[in-house]
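Encoded as structure tokens, the structure appears first; notes follow it.
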Amino acid sequence: MPTRKTRHPYEPVPDDGRLTLGDHRRYPGSVVLLTCAMCGWAKPYSPERLLDRLRELKAGGHPTPVGALARRVAWPCPMCQRVRWRMELARPRGLDPREARRLAGLYRN
Ligand SMILES: [Zn+2]
């Protein structure tokens, strides 16, 4: 894995290409991170809002692979103006175990 500058408090969840949007429930507090593959600019999205949007468009849902969503992004990076995106599930860096359990509880209810 190449190292890259991170300007956000998230770290990518390891993805072997099979992570789906529905997997966000296994990672409390996680987000879907849209990252520019060229310069590292990144923007976090709420998985629930992305799911709502995909369902609205009938374009996907919980089984949709996270990585595949990058192809749907057509706008250029605001930093480097290029269009080469990566989509990743990412969890908060250094989330303490108590907070993780609390968030996990929210998803179960
Ligand atoms: Zn860029």
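Values as computed for the structure displayed
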read-out: Those trypsin sites (Lys or Arg not before Pro) in segment 1-95 that DSSP places in a loop and that have at most 16 other beta carbons within 10 Å; value: R4, K5, R7, R18, K58, R82, R84, R93
read-out: Share of carbon and sulfur in the accessible heavy-atom surface of segment 10-108 [1.4 Å probe, %]; value: 51 percent
read-out: Gain in span if fully extended, A68 to A100, counting 0.36 nm per residue against the direct Cα distance; value: 8.8 nm
read-out: Relative counts (whole %) of C-alpha pair distances in the chain, using bins that are 10 Å wide; value: 14, 45, 34, 8, 0
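The values are calculated or read from the model by the stated rules, or taken from the named source; none is laboratory data. Just so it is clear, the model here is predicted, and its values are computed rather than measured. Glycine also receives a Cβ, built like all others from the backbone with ideal geometry; neighbour counts cover every protein chain displayed. Just the protein is used for accessible areas: all its heavy atoms, side chains included, with ligands, DNA and RNA removed. Shrake-Rupley method; radii C 1.70, N 1.55, O 1.52, S 1.80 Å.
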